[in-house]
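Data first, discussion second: the structure below is written as structure tokens.
The values are calculated or read from the model by the stated rules, or taken from the named source; none is laboratory data. Here the structure is a predicted model, which means the values were calculated and not measured. Backbone-built Cβ (ideal geometry, glycine too); neighbour counts: all protein chains shown.
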Amino acid sequence: MTQDELIEQLKNQIIAALSLEDIKPEDIDPDAPLFGEGLGLDSIDAIELILLLEKNYGIKIEDPRQRKEVLTSVRTMAELVEKEGKA
Amino acid sequence: MTERVLITGAGMVTAAGVGVEANLRTLMGGEGAAFAPARYLHTSLTIPVAEVPLDNNELTARCGLQPSEAHSRTYLLALLAAQEALDSAHISAAQAGKLGLVAATTGAGIEVIEACYDTLDQHLAAIPNFSSSNLTDSLARYFGITHPVTTISTACSSSANALQVAARLIRHGRASRLLVGGMDGLSRFSLNGFNSIEIVSPTGCRPFDASHNGVTLGEGAAFLVLESEQAAQERGAEVWGELSGYANRNEAYHPTSSRPDGAGAAETIRAALAQAGMQPDGVDCINAHGTGTVVNDQSEGNAIVSTLGSGVPVTSTKGFTGHTLAACGAVEAIYSLLSIRHGVIFGNNRVLQPMPEVSLSLPLHTYTASVSTVLSNSFGFGGSNTVLIFTKA
Amino acid sequence: MPAYIQSTSMISPQDTCGEDSLEQPRHEVCQHLLCVDPDYKALIPPARLRRMSRILKMGLAGSSLCIQRSPVKPDAVIVGTGLSCVTDLERFMRSCDDEHEQMLSPTPFINSSHNSVAGQIAMANQITGYNNTHFHGVSSLESALVDALMLLDEGDSRCVLVGGVDEYSQMKFDVFSRVGWWRQQPVDNLELLHTRGEGSIMGEGAAFFALSGQPSGTDLAQLVDVTSSLCTDDADEALQRICAFLERQGIALEDVDVIVDGRNGDEPSDAVYEAVEALWDARTGERRPDVVAYKHLCGEYLTASGFGLWLSVRLLHGQHLPACAVVRRSGRSQWRNVLFYNCFRSSVDKCCVCNYTESMALLREV
């Protein structure tokens with residue numbers, strides 16, 4: 001799977017996990033920050049996203065600092081999945 | 001409106017002991033409940049909890065009941081605590097008809113439901129547990145209580161709010177004598193719920209300690225008898241103390257988390273002081289909500305420093321009991337009254353090294369002191385902050 | 001001290017959110033009625049909406065409508081709910097089983113906290129005053145209203161938003177079906193009160209009231225007092241309790257212009273209302289009151305009182321009795337005092353699911 005395909009897959013998984021009903025995959029900029037501005041996500045969504053990585057890719061992240069880095073954008077999530085060899 | 005609200009009886013069951021005396025001994029001794037994986041709750045989770053050290057058969061026997069699926073663990077704990085409260089207030093069965101009941105719960109018997117909701121046909125006796133008022137109604141039936149009766153459910157501030165509603169019922173002449181408290185048995189639902197939001201301590205809670213890393217869920221029930229001054233005087237009741245101030249405010253900030261700066265809690269503390277007509281320096285010690293999560297401890301610490309300063313002793317008794325959810329406001333109300341009655345300030349039994357972020361006065365051991373006013377915090381999900389003030393009557 | 005009702009809102013199985021609809025009431029042959037959904041997207045920001053279950057949507061939209069209509073912004077919130085967020089509770093309970101207590105999504109747990117409706121209302125509208133939730137079966141809303149009256153009297157709030165909310169859930173329908181709360185056969189809801197049978201039809205709804213301690217000049221009605229206690233099946237005693245309640249407000253049976261009662265199609269329970277009203281008529285003769293019923297319009301649920309109280313306010317403010325709600329007319333052309341009178345008895349319950357209570361409220365024209 002290419003990184004673009006992985007990003008597309010992650011976008012769909014994020015939309016489903018966070019019930020972002022009105023958002024289409026193309027509305028999400030893979031490099032835009034996930035939190036704060038943009039999608040308006042909060043700390044509960046962060047837990048849901050960590051859960052998403054664990055459930056779909058078997059990647060468990062405990063360290064809060066690493067979590068913050070990974071959840072910067074859809075691309076940083078994709079990069080981790082690739083690095084862990086789970087793509 | 002100026003009717004005083006007096007406490008004339010109390011009863012409790014927690015991991016720190018069955019009965020008020022047993023709880024007091026535990027708090028004086030300084031050793032809290034053992035935090036260990038659940039023994040009585042059916043769960044695959046191995047995180048430590050603080051269970052009442054009796055199984056359901058033992059609890060049923062202590063209540064003098066026949067075993068029945070209708071009785072949730074929560075109900076059994078509540079019945080023991082309520083009976084002790086009425087006994088300690090010397091209220092007989094014949095007088096119970098003039099009582100009202102304000103009870104608090106978050107689980108409402110869910111520990112029964114979660115075990116049988118798909119096989120209801122084999123568990124018809126369990127059905128009453130599907131009703132929100134069942135626990136309260138069952139207690140009311142048991143003691144012959146008719147009116148007023150209600151149940152409060154505002155997460156971890158539930159029984160503090162029950163005490164507040166009860167005080168208001170008395171001040172407004174809608175009741176003169178009330179049984180008031182909270183109850184929650186440990187459930188798979190709450191344990192998994194708290195675990196899912198990642199605020200359960202993997203090692204056992206250490207409120208206000210530098211290494212604090214989450215809550216330890218407990219269970220229990222605590223009930224108090226509240227009376228108008230006139231009702232208490234008429235029957236010559238022994239008075240434990242007075243509920244002289246209360247306030248609830250909402251943070252309107254986050255579904256499960258507190259404002260880091262503690263502004264919401266601070267506003268609630270100020271409102272309770274104002275309602276009691278009291279200055280900050282009138283507070284002798286604080287029974288903190290003190291759950292042991294980093295967010296709570298910092299937020300609450302900030303709120304305390306900004307309203308009452310750094311000098312007033314702050315204790316979290318959740319290091320003794322675990323977090324008893326809907327019961328904790330009533331549990332800690334009784335601890336506050338014990339502080340006043342016995343002239344003691346309880347130690348923070350789980351603090352090794354005070355958290356560095358906020359400068360609080362955190363006694364490590366229980367010590368004797370003259371205590372006439374205790375401020376007790378209870379904060380719940382949904383931004384629900386409640387502060388109660390107890391004074392020597 | 002009475003409270004002044006500044007505004008109301010009602011989300012119900014009738015089209016009660018927008019323009020007047022009770023002239024052409026909705027009906028269907030059913031065992032339960034579901035709410036007519038308002039345009040939730042117009043009333044709740046999308047970022048909040050996405051995580052909400054039905055009851056949260058109903059609660060948030062209903063509160064938002066009521067706040068918009070009130071000339072005074074509420075500074076406190078009190079919610080009464082009999083079952084609270086039962087759908088999310090069920091979801092989380094099932095996920096514990098299905099996922100073997102591992103990797104559980106936290107959202108349904110957070111939503112299922114029984115005070116989440118009141119907490120979300122506070123967050124959405126930045127209402128930072130008193131916030132409480134009464135979770136007490138059949139008298140949840142009445143307890144919330146008593147709390148509100150005391151709070152206003154205490155002066156800790158200028159205006160309290162009080163709501164009664166409950167949602168339909170299949171599990172609750174099935175459970176309470178076993179204790180006889182519901183009709184065994186589907187029935188047209190508009191025929192519910194006229195067809196013989198035991199049990200009612202299940203409903204749902206969200207009713208909100210903005211109450212203030214002082215009149216604003218545009219008040220819809222006064223809520224004079226509310227009370228609830230254990231039910232009695234003895235009509236004489238029931239009437240005595242009504243008289244005592246009215247006497248505390250300084251009025252007599254003759255002064256009541258209309259009774260809004262909670263009959264729900266459960267024949268043995270409805271017979272008690274009829275017996276009470278027959279005794280009432282015998283006492284008042286020609287000055288007997290009109291009688292209005294509402295549960296055939298909204299279904300029976302633990303905070304169905306909300307629909308009855310909403311209807312009472314509408315009746316006083318509009319001085320109009322909708323034909324679909326009339327049980328009997330007595331020739332009155334003006335309505336000043338409404339007695340809201342509700343008993344949820346469920347005559348067939350052998351399980352002791354709850355202590356059945358009766359509640360009363362007196363509402364008055366401003």
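So residue B:194 fits all but one of (1) in contact (Cβ under 8 Å) with a residue 40 or more places away in the chain; (2) surrounded by 22 or more Cβ atoms within 10 Å (Cβ to Cβ); (3) of a type outside the set (Val, Ile, Thr); what number is the exception?
Single failed check for residue B:194: (1).
Return only the number of the condition from (1) within 26 Å of residue B:149 (Cα to Cα); (2) part of a loop (DSSP other than H, G, I, E, B); (3) free of Cβ contacts under 8 Å to residues at least 40 places away in the same chain that residue C:233 does not satisfy.
Single failed check for residue C:233: (3).
Does residue A:11 count as among the basic types (Lys, Arg) and touching a residue at least 60 places away in the same chain (Cβ under 8 Å)?
yes
Filter region B:74-99 down to the residues that are in contact (Cβ under 8 Å) with a residue 24 or more places away in the chain and assigned to a loop (DSSP other than H, G, I, E, B), then identify the one that is surrounded by the most Cβ atoms within 10 Å (Cβ to Cβ).
B:89
Residue B:144 is checked against (1) at the interface with another protein chain (Cβ under 7 Å from one of its Cβ atoms); (2) touching a helix residue (DSSP H, G or I) at 6+ places or on another chain (Cβ under 8 Å); (3) over 27 Å from residue C:90 (Cα atoms); (4) of a type outside the set (S, T, N, Q) and fails just one. What number does that condition carry?
Every condition holds for residue B:144 apart from (1).
So, restricting to helices (runs of 4 or more DSSP H) that lie completely within region C:88-184, which ones have at least 1 residues that are among the aliphatic types (A, V, I, L, M) and more than 8 Å from every other protein chain (Cβ to nearest Cβ)?
It comes to C:116-125, C:140-154.
Quick check, is residue B:33 in contact with a Pro (Cβ under 9 Å, 6 or more places away or on another chain), more than 12 Å from every other protein chain (Cβ to nearest Cβ), among the small types (Gly, Ala, Ser) and under 13 Å from residue B:219 (Cβ atoms)?
Here the answer is yes, as residue B:33 does meet what is asked.
Among the numbered conditions (1) hydrophobic (A, V, I, L, M, F, W, C); (2) in contact (Cβ under 8 Å) with a residue 40 or more places away in the chain; (3) assigned to a loop (DSSP other than H, G, I, E, B), tell me where residue B:364 comes up short.
(2)
Report, by residue number, each residue of region A:43-86 that is at pLDDT 90 or above, among the basic types (Lys, Arg), farther than 11 Å from residue A:13 by Cβ and over 10 Å from the mean Cα position of the chain (by Cα).
Within region A:43-86, A:60, A:65, A:67, A:68, A:83 meet the criteria.
Can you find a residue in region C:190-197 that is in contact with a Lys or Arg (Cβ under 7 Å, 6 or more places away or on another chain), surrounded by fewer than 21 Cβ atoms within 10 Å (Cβ to Cβ) and not in a strand (DSSP E or B)?
yes
Yes or no, residue by residue, for (1) out of contact with any strand residue (DSSP E or B) (no Cβ under 8 Å at 6 or more places or on another chain); (2) crowded, with 21+ Cβ neighbours inside 10 Å; (3) more than 14 Å from chain C (Cβ to nearest Cβ):
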position: B:179; (1), (2), (3): no, yes, yes
position: B:182; (1), (2), (3): no, yes, no
position: B:200; (1), (2), (3): no, yes, no
position: B:203; (1), (2), (3): yes, no, yes
position: B:231; (1), (2), (3): no, no, yes
position: B:238; (1), (2), (3): no, no, yes
position: B:243; (1), (2), (3): no, yes, yes
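Give B:238, B:267, B:242 a once-over and let me know the one that is out of contact with any helix residue (DSSP H, G or I) (no Cβ under 7 Å at 6 or more places or on another chain), assigned to a loop (DSSP other than H, G, I, E, B) and of a type in the set (D, E, K, R).
Sole residue among the options that is out of contact with any helix residue (DSSP H, G or I) (no Cβ under 7 Å at 6 or more places or on another chain), assigned to a loop (DSSP other than H, G, I, E, B) and of a type in the set (D, E, K, R): B:238.
Identify the residue in region B:28-52 that is out of contact with any Gly (no Cβ under 8 Å at 6 or more places or on another chain) and closer than 23 Å to residue B:374 by Cα and, among all such residues, is surrounded by the most Cβ atoms within 10 Å (Cβ to Cβ).
Taking the candidates together, the pick is B:28.
Checking residue A:46 against (1) in contact with a Phe, Trp or Tyr (Cβ under 8 Å, 6 or more places away or on another chain); (2) within 14 Å of chain C (Cβ to nearest Cβ); (3) exposed (fewer than 15 other Cβ atoms within 10 Å of the Cβ): exactly one of these is not met. Which one?
Residue A:46 satisfies all of (1) in contact with a Phe, Trp or Tyr (Cβ under 8 Å, 6 or more places away or on another chain); (2) within 14 Å of chain C (Cβ to nearest Cβ); (3) exposed (fewer than 15 other Cβ atoms within 10 Å of the Cβ) except (3).
Got at least one residue in region B:123-137 being more than 8 Å from chain C (Cβ to nearest Cβ), in contact with a strand residue (DSSP E or B) (Cβ under 8 Å, 6 or more places away or on another chain), in a loop (DSSP other than H, G, I, E, B) and at negative phi?
Within region B:123-137, not a single residue is more than 8 Å from chain C (Cβ to nearest Cβ), in contact with a strand residue (DSSP E or B) (Cβ under 8 Å, 6 or more places away or on another chain), in a loop (DSSP other than H, G, I, E, B) and at negative phi.
Step by step: first the residues of region C:330-341, then only those that are in contact with a strand residue (DSSP E or B) (Cβ under 8 Å, 6 or more places away or on another chain) and modelled with pLDDT under 95, then the one that is nearest to residue B:128 (Cα to Cα). Which residue is that?
That would be C:330.
Just to be sure, is residue B:160 in a helix (DSSP H, G or I), within 13 Å of chain C (Cβ to nearest Cβ) and farther than 30 Å from residue A:48 by Cα?
Taking the combined requirement at face value, the residue satisfies it.
Report whether or not residue C:346 is part of a strand (DSSP E or B), within 14 Å of chain B (Cβ to nearest Cβ) and polar (S, T, N, Q).
No; evaluated as a whole, the condition is false for this residue.
Does any residue in region C:273-295 that is in contact (Cβ under 8 Å) with a residue 60 or more places away in the chain come within less than 9 Å, Cβ to Cβ, of a residue that is of a type in the set (Lys, Arg) six or more places away or on a different chain, and which pairs are these?
Between residues of region C:273-295 that are in contact (Cβ under 8 Å) with a residue 60 or more places away in the chain and residues that are of a type in the set (Lys, Arg), the close pairs are C:273/C:263; C:293/C:263; C:295/C:263.
Scan region B:253-282 for residues that are surrounded by fewer than 24 Cβ atoms within 10 Å (Cβ to Cβ) and farther than 20 Å from residue C:123 by Cβ and jot them down.
If the condition is that a residue be surrounded by fewer than 24 Cβ atoms within 10 Å (Cβ to Cβ) and farther than 20 Å from residue C:123 by Cβ, then B:270, B:273, B:274, B:275, B:276, B:277, B:278, B:279, B:280, B:281, B:282 are the ones that fit.
Out of everything in region C:29-48 that is over 24 Å from the mean Cα position of the chain (by Cα) and of a type in the set (A, V, I, L, M), what residue ends up being surrounded by the fewest Cβ atoms within 10 Å (Cβ to Cβ)?
Here the residue is C:42.
Determine, yes or no, whether residue B:382 is out of contact with any Leu (no Cβ under 8 Å at 6 or more places or on another chain) and without any contact (Cβ under 8 Å) to a residue 60 or more places away in the chain.
Taking the combined requirement at face value, the residue does not satisfy it.
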